[in-house]
Amino acid sequence: MRVKINVVGIVQGVGFRPFIYRIAVENGLKGYVRNRGDAGVEIVLEGEESQIKQFFEDLREKKPPLAQIHDVITKKLEGENQYKKFTIFRSSEEAELSGSVIPPDIAICSDCLRELCDPNDPRYEYFFITCTNCGPRFTIIEKLPYDRENTTMRDFPMCGFCQKEYTDPLNRRFHAQTVACPKCGPKVYLTTSRGKLIKHKDPIREAGKLVSEGFIVAIKGYGGFHVVTSIVRDKPLLRLREVKHRSQKPFAIMARNIEAIKTFAEVSESEETLLTSYARPIVLLNKNSEYYLSDLVAPGLHNVGVMLPYTGLHYMLFDNADDAAFVMTSANPPNQPIIKDNDEALERLSDTVDYFLFHNRQIAHRCDDSVIHMHNSHQVFIRRSRGYAPAPIMLKAKAKNCVVALGGEQNNTACVLIGNKAFVSQHIGDVENLETKVFLENAAKHLVQLTNSKVDAVACDLHPKFTTTKLAQELAEENGWQLFQFQHHYAHVAALMAEHNVKEIVGVCCDGYGYGVDGEAWGGEIILGAQSYSDFKRIAHLEKQPLVGGDLATRYPLRMATGILYRKADVANWLLKNKQHLPYGEKEAQIILKQFENHSNMIETTSCGRILDAVAAILGVCYERTYEGEPAMKLESTAMKGKDVLKLKPIVKGNILNTSEMLLEIFENTQKFSKENLAYSAHVYLARGLATLAIEAASENKIKTIGFTGGVAFNEITVLTMRKIVESMGLRFLTHEAIPPGDGGLSFGQAVACGFSQF
Ligand code: ZN
Ligand code: ZN
Ligand code: FE
C-alpha cells in the first residue's frame with residue numbers, strides 16, 4: 001500500500017521530521033518526509049496496511065511535545081513501490097511557500113533538565129542546554145528556512161560531539177539548531193555595574209547568591225534582560241522602584257519550584273498546569289494568608305505574578321541561595337522596549353544594577369514574558385508573548401485579503417493575517433515614541449518576512465493621531481497597500497467573534513478609551529457584530545461623564561469622581577478635603593471646581609474604566625494612576641473581600657446605563673458600609689447593568705451569543721458576575737482565551753475585520 005500524507009500545524013523546528021523518521025522506520029515503512037512550508041510536512045509511506053495503521057496511531061499518540069497538529073490529509077497513491085528506505089529530505093524551497101509557522105521559545109524539557117543535573121553528562125551544568133523539544137526559537141531566528149546559519153547560533157560552530165548528535169536521526173538533538181555544549185556553545189560571565197569582568201568559576205550561582213544578599217543583578221535571558229533582586233529585602237526593591245520610576249506597578253517574580261510558590265500564594269490545579277507548561281508564563285496568583293514577600297513587590301493588590309524557571313540558567317541561579325523566589329522584572333526603561341543587546345544594557349542599566357550576568361549569544365528578536373490570569377477554568381491572557389508568539393491563531397475560514405494590522409497605542413502588538421492563520425506578534429508595549437514605533441515596525445515586517453506574506457492591506461485604529469495610524473499611512477503609501485482604519489471597540493468585538501468563529505454576537509466592550517465613530521471618547525459599549533466581522537453597530541452604552549482636564553482625569557481619578565457627582569452631592573467640600581492627593585493641592589482643586597461651574601474644558605466619555613477609577617477615588621483606594629489600570633485593579637483587590645450590600649437595580653434609560661446614581665449611592669454610604677463591600681457592589685452594578693443591556697439587545701436581534709471584551713474583561717468579578725447572569729438566561733457567554741481582551745488583542749481584531757472585508 002502507498003499513501004501520501006500532509007500534516008499541517010506547528011511541525012517545523014520542533015523535531016517533527018525526525019519523529020516521523022523514527023516511527024516510519026520502527027514500523028518497517030519506506031518513503032520520505034519533507035517540509036512543505038505553508039502545507040506543513042509531506043510524508044509518503046510504502047508498506048503493509050497494518051504497518052501504516054500503526055504509523056497513524058504512533059503519529060497521534062507519540063508526537064513531540066512542541067508539535068501541534070491542526071490537520072492531517074491522507075491520499076492513497078496508485079502504482080508500484082519506489083523507495084528502498086525511509087529518507088528525510090532537506091527541502092530548499094520551503095521558504096518560498098507562504099504562511100510557514102515559526103515555533104515560539106519553549107522552556108527546558110525534562111530530559112535536558114535531567115542531563116543538566118547529571119555529573120556524567122557532557123552537558124552537565126551547561127546553562128543553555130536544549131534539544132529539539134525545547135529551547136529558544138523565535139528569539140534566535142533571523143530568517144527562514146530555520147537552519148543554524150539563519151539563527152544567532154551561527155556564531156557557535158558545533159564541536160564534534162554536538163555535530164554527531166545533530167546528524168543522527170535517532171538522537172534527540174537531530175537537526176536541533178540550538179544544539180551546543182560547554183565546549184562549543186554560548187558562554188556566560190559576570191561583570192560589575194560598569195562592565196568590568198569578575199573572574200569566577202561559577203558566575204551563575206554567584207549571581208544568584210548576590211541577589212539573595214540584597215544586590216540587584218541584570219540577567220540576560222532568551223528574549224531580553226531581566227532585573228533581578230530579593231523578594232523580601234526592602235532596600236534594593238525601593239532603589240529599583242526609584243530608578244525605574246515605578247512607584248506602584250507590580251514586579252513579576254520567579255520561584256525556584258512549585259512548592260516554593262505555595263509558601264506565599266494559592267495555586268489551583270489549572271494554575272499549576274499552566275505554571276509548569278512548556279510556555280512557562282507568568283501566572284497571576286492570589287496571595288495566601290502566609291504571604292511574606294515585601295509589600296514593595298505587588299503593592300495594594302491581592303495577587304502576584306509568578307513564573308517558574310525556563311532555562312538551565314534560571315534553575316542554577318537558585319542553587320546557592322535559600323530564597324523561595326526572586327523578583328524578576330523585564331529590564332525596560334520607562335516607555336521603552338525590553339533591552340536585548342549587551343552594549344545597550346551596559347549603557348542603560350549601569351546606574352540601576354550592581355552586577356550584570358551576560359551571555360554572548362545575540363538576541364535576534366526581543367520577547368517579554370507572557371502573563372496569564374485564570375478566571376476559574378478560563379484562561380485570560382494579560383500579555384501574550386514568550387512561549388506563545390508567534391504561533392498563529394487558527395481561524396475556521398480563510399481570509400480574502402492578506403493583512404498587516406498595527407493595533408492601537410497601549411500594550412500593543414502587530415498581527416499578520418494570511419489565509420486562516422493570524423500571527424500575532426510578541427508584546428510591543430505602548431507605542432508613543434520612536435523606539436517603540438521602530439520596534440513595532442520591525443516586528444510587523446519580521447512577521448511578514450517569516451510568513452513570506454504578500455500583503456494586500458494595512459489595518460490600524462480610527463484614531464487620527466495615534467503613532468500606529470501614522471505608521472499605517474506611511475506603510476500603505478510606501479508599499480501600495482490598501483489602508484484600512486477600523487473603530488477600536490468594533491475591533492475588540494471582531495477579535496472575539498473570530499476567536500470563537502461566531503457569525504453574530506452582542507458584544508459588551510469595556511475599556512479605558514477608544515476613538516468612537518462619532519469622534520467621541522468611547523469605552524463602555526454594547527456592539528452588535530454581524531456578517532462575519534464586517535458589520536458593526538453601537539446599540540447601547542454607558543452614560544456620558546465629564547473628563548475634566550482630559551488626560552489628567554485619567555491620571556487623577558478624583559477629577560473623574562468630582563465631575564460625575566458635581567451638583568448631585570456636596571462634592572466640593574470632599575474634593576477640598578482630599579486636595580493633598582492632587583499634585584497642586586488646593587489651587588488645583590479650586591480650578592477643577594471652577595471648570596465645572598463654567599462647564600469649560602469638558603470632553604465627555606462613556607468609559608467603563610473611568611467609572612471604576614472614580615469609585616476607587618471615592619473609596620480612597622487609589623488617587624493616582626501610575627500604571628495602566630491601577631485604580632481599577634486596586635479596586636478589584638479591595639472588592640475581593642466584599643459582598644453586594646447596596647443591591648442596586650440597573651437604571652436604564654433608552655439605550656443608556658446610568659452610572660451617576662451608583663456613584664452617588666457609594667458616595668453617600670462610605671460611613672455606613674466598608675469599602676470592601678462598596679467596591680464589590682460597584683462591580684456588581686456595572687456587570688448587572690451591562691448584562692441587562694446585552695440580554696435585551698440579544699433578544700431584540702434574535703442572537704444567542706453574548707461576549708465580553710476590552711480591558712475591563714481582565715476584571716474577574718465583573719466577568720464572573722456577567723457570565724452567571726447571561727448563562728442563566730440560556731445564552732452563550734464568550735470571553736477571550738487565545739488573545740488578550742485588552743489592547744494587546746486589538747491588532748488581531750483589526751486584521752480579521754480587514755481580512756474578511758471586500759475592497
Ligand atoms: Zn530539551
Ligand atoms: Zn558542543
Ligand atoms: Fe481597548
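The values are calculated or read from the model by the stated rules, or taken from the named source; none is laboratory data. Because the structure is a prediction, the values reported are computed rather than measured. Note that each Cβ is placed from the backbone with ideal geometry, even for glycine, and that neighbours are counted across all protein chains shown. Each accessible area value is taken on the protein alone, full model and side chains, heavy atoms only, with ligands, DNA and RNA left out. Shrake-Rupley method; radii C 1.70, N 1.55, O 1.52, S 1.80 Å.
Side notes on the structure shown:
- Full extension of the segment from H200 to I258, taken as 0.36 nm per residue of separation minus the current Cα-Cα distance, would add 17.9 nm.
- Cβ-isolated cysteines (cut-off 4.7 Å), the chain: C112, C117, C131, C162, C181, C367, C402, C415, C460, C509, C622, C754
- When each of K649/K672; K244/K577; K643/K672 is checked by Cα-Cα distance, pairs over 23 Å: K244/K577
- Rounded to the nearest 10 square angstrom, H226 shows an accessible area of 10 square angstrom against a 1.4 Å probe.
- Restriction of the trypsin sites (Lys or Arg not before Pro) in the range 158-219 to DSSP coil positions whose beta-carbon has at most 16 other beta-carbons within 10 angstrom yields K183, K187, R194, K196, K199, K201.
- Within straight-line cross-link reach of K85, lysines at Cα separation under 18 Å, skipping those fewer than 8 residues along the same chain: K4, K30
- Paramagnetic reach from S268 (point 7 Å along Cα→Cβ, amide N under 16 Å) across the range 381-420: 381-382
- Distance between modelled label sites at T276 and Q580, nm, 7 Å Cα→Cβ extension: 4.9
- Rounded to 0.05, the FRET efficiency of the D518 and K653 pair, given R0 = 22 Å and the Cβ-Cβ distance, is 0.70.
- Take every pair of alpha-carbon atoms less than 8 Å apart whose residues are at least six positions apart; their mean separation over the length of the range 188-359 yields a relative contact order of 39 percent.
- Distance between the range 285-300 and the range 195-256 - C-alpha centres, whole angstrom: 18
- Degrees between helix 675-700 axis and first principal axis of the chain (Cα, 0 to 90, nearest 10): 80
- Residues S728 and L170, FRET efficiency given R0 of 51 Å [Cβ-Cβ distance, rounded to 0.05]: 0.35
- Restricting attention to the range 386-452, lysine pairs at least eight places apart or on different chains and with alpha-carbon atoms under 24 angstrom apart total 7.
- Ranking Y124, I141, C159 by how far each Cα lies toward the positive end of the dipole of the range 101-186 (charges on Cβ) leaves I141 at the top.
- Contact order normalised by residue count of the range 542-734, Cα under 8 Å, 6+ apart, percent: 20
- Checking every one of the GluC sites (Glu not before Pro) in the range 248-280 against DSSP loop status and a limit of 14 other Cβ atoms within 10 Å picks out E266.
- Spatial offset of the range 657-716 relative to the range 588-606 amounts to 26 Å, using the alpha carbon center of each.
- Summed over the residues of the chain and divided among them, the accessible surface reaches 39 Å² per residue at a probe radius of 1.4 Å.
- Percent RCO, i.e. relative contact order, over the chain, from Cα pairs under 8 Å lying at least 6 residues apart: 11
- Note on the chain: semi-axes of the ellipsoid equivalent to its C-alpha gyration tensor, largest first and rounded to whole Å, are 46, 33, 23.
- The stretch between D343 and N286 holds 16.7 nm of extra length on full extension. This uses 0.36 nm per residue minus the Cα-Cα distance.
- Its alpha carbons considered, the range 2-88 gives a radius of gyration followed by a Dmax of 11.8, 35 Å.
- Here the accessible area of the chain is 48 percent carbon and sulfur, with a 1.4 angstrom probe and all protein chains present.
- When you filter the trypsin sites (Lys or Arg not before Pro) in the range 368-397 for DSSP loop state and at most 12 other Cβ atoms inside 10 Å of their Cβ, you are left with K396.
- Couplings for the range 547-564, taken from phi via the Karplus curve 6.51 cos²θ - 1.76 cosθ + 1.60 with θ = phi - 60°, read 9, 7, x, x, 4, 4, 5, 6, 6, 10, x, 4, 4, 4, 4, 4, x, 5 Hz in order; Gly and Pro are left as x.
- Once the chain from N420 to E474 is taken as fully extended at 0.36 nm per residue, the excess over their C-alpha distance is 16.8 nm.
- Calculated FRET value between T87 and R246, using beta carbons and R₀ = 56 Å, to 0.05: 0.50
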